[in-house]
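Okay, structure first, notes after.
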């Protein structure tokens, strides 16, 4: 690395960056800020379960439990996995047990 590039890198490392997400007070140096972008509770991230929606970080846990169309739970009665968050597709143990 040339001396000029090294000096520029050193300067960048000392600059404080603010998070661009509305309502996020985060301000930190470059490398810490890079990591913050991935975990900010105020910014939007792709759903971790892969449903395709962008969810605000602070709402991700609630989304995955109560809203996400990719959430699967196991029924203790009929031992099948189903998604409780899809409207119009209620789980029916009776139908599943009759089919077995």
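The values are calculated or read from the model by the stated rules, or taken from the named source; none is laboratory data. If you're wondering where the values come from, they're calculated on a predicted model, not measured in any experiment. Every residue, glycine among them, receives a Cβ derived from its backbone with ideal geometry; neighbour counts consider all protein chains shown.
At pLDDT 90 or above, surrounded by fewer than 16 Cβ atoms within 10 Å (Cβ to Cβ) and assigned by TED's automatic domain parsing to the domain that holds residue 9: does that describe residue 23?
yes
Determine if region 47-56 includes at least one residue that is exposed (fewer than 12 other Cβ atoms within 10 Å of the Cβ), assigned by TED's automatic domain parsing to the domain that holds residue 90, at pLDDT below 95 and touching a strand residue (DSSP E or B) at 6+ places or on another chain (Cβ under 9 Å).
Looking for residues that are exposed (fewer than 12 other Cβ atoms within 10 Å of the Cβ), assigned by TED's automatic domain parsing to the domain that holds residue 90, at pLDDT below 95 and touching a strand residue (DSSP E or B) at 6+ places or on another chain (Cβ under 9 Å), one finds none in region 47-56, hence no.
In region 67-94, which residue that is surrounded by 11 or more Cβ atoms within 10 Å (Cβ to Cβ) and assigned to a helix (DSSP H, G or I) is modelled with the highest pLDDT?
Among residues in region 67-94 that are surrounded by 11 or more Cβ atoms within 10 Å (Cβ to Cβ) and assigned to a helix (DSSP H, G or I), the one modelled with the highest pLDDT is 67.
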